[in-house]
C-alpha cells in the first residue's frame, strides 16, 4: 500500500517594498539681494567730498583780490547755496502735487480724451527756453522768487506727468479685473494695485524733475530769485574766475548729490513684490 506524498507548500519570498523615490520639489527662490549696495552708498559721496575738499584747499591757497573776497564773504556762499536748495525743494513739491494727481485723473475713463491736450501743454512748458519763460514771468509778476518758482514748475512738470500716465497705462488689465472681482472699490484698486505697480516709473520721473530743477534754479538770479546763479553771474560780469568756478562746482555737486539721493529713494520705495521677476 503506497502512502500519498504530501505536497509541501511553496514558500513565497516576501516582496521587497520599493520605497518611492523622493522627488525634489522646486528650489525655494533665492532671497532678494540688498537693494542698496555699499558701492552705491559710498562711491559718489566719497567722490563729491573729495571734490569739495580739493576746492576748499585751492581757495585756501588762492590769492583773491578784493572783488572776489567781497563776492564770497559775509555768508554769501552759504546763502546762495541755501536759496538753491530752497528753490529746488519748493518747485519739486509743487510739481508732485500737480503732475501726479493730474496723471491719475487723465488715465480715468472719463478724462482720457483730455490726455493729449494736457501732454501738449506740458510739452510746451518744457520746450520753451527757460530763460525766455523766466523773462516773461518777471515782466508779468515782477522780480522775486515767485516768478522763478512758476517757471521751474512749468519746466519740470512734463517728466513726472508723462511717467505717471505711462506707469498707470502699463498696468496689466487682468490684474485690475482680478482686483475688482474680489470686491475692491475703484479707489482701492487705484491705491493698492495701480499706483504701487506704477511707482518705479513715477519715481524715475521725479528723479528727472529734481535734476532739472537744480539746473534751472541757477537761472533764478536773472529774476531776482537768488541761488548759486548769483555767484556764476558775478564771476562772469566781473571776470573773476574763482567766483565763477565756485558757483559752477557747487551747482554740479548739488545736482549729483540730489540725483544720488533720488536714486536711493527710487530703490528703497520700489515695492518688493515687483522684485520677484527681476
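When you check residue 151 against the structure, is it touching a helix residue (DSSP H, G or I) at 6+ places or on another chain (Cβ under 7 Å) and surrounded by 19 or more Cβ atoms within 10 Å (Cβ to Cβ), yes or no?
Judged against the criteria, residue 151 is a match.
So if I check each of 215, 188, 235, 277, which one is at pLDDT below 95 and assigned to a loop (DSSP other than H, G, I, E, B)?
Exactly one residue qualifies, and that residue is 277.
Is region 240-262 home to any residue that is within 30 Å of residue 136 (Cβ to Cβ), touching a helix residue (DSSP H, G or I) at 6+ places or on another chain (Cβ under 6 Å), surrounded by fewer than 17 Cβ atoms within 10 Å (Cβ to Cβ) and modelled with pLDDT under 90?
No, that holds for no residue.
Residue check: is residue 205 within 16 Å of residue 94 (Cβ to Cβ), touching a helix residue (DSSP H, G or I) at 6+ places or on another chain (Cβ under 6 Å) and surrounded by 18 or more Cβ atoms within 10 Å (Cβ to Cβ)? Full working, then the answer.
On the way: within 16 Å of residue 94 (Cβ to Cβ): yes; touching a helix residue (DSSP H, G or I) at 6+ places or on another chain (Cβ under 6 Å): yes; surrounded by 18 or more Cβ atoms within 10 Å (Cβ to Cβ): yes.
Judged against the criteria, residue 205 is a match.
Listed here are the residues, each with its yes/no results for (1) touching a residue at least 60 places away in the same chain (Cβ under 8 Å); (2) under 30 Å from residue 167 (Cβ atoms).
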| position | (1), (2) |
| --- | --- |
| 191 | no, yes |
| 198 | no, yes |
| 207 | no, yes |
| 214 | yes, yes |
| 217 | yes, yes |
| 221 | no, no |
| 233 | no, no |
| 241 | no, no |
| 248 | no, no |
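I'm trying to understand the selection: among the residues of region 47-80, which are closer than 20 Å to residue 221 by Cβ, at pLDDT 90 or above and in contact with a helix residue (DSSP H, G or I) (Cβ under 6 Å, 6 or more places away or on another chain)?
Across region 47-80, the qualifying residue is only 80.
The values are calculated or read from the model by the stated rules, or taken from the named source; none is laboratory data. Being a predicted model, the structure only gives us computed values, none of them experimental. Note: ideal-geometry Cβ built from the backbone for every residue, glycine included; neighbour counts use all protein chains shown.
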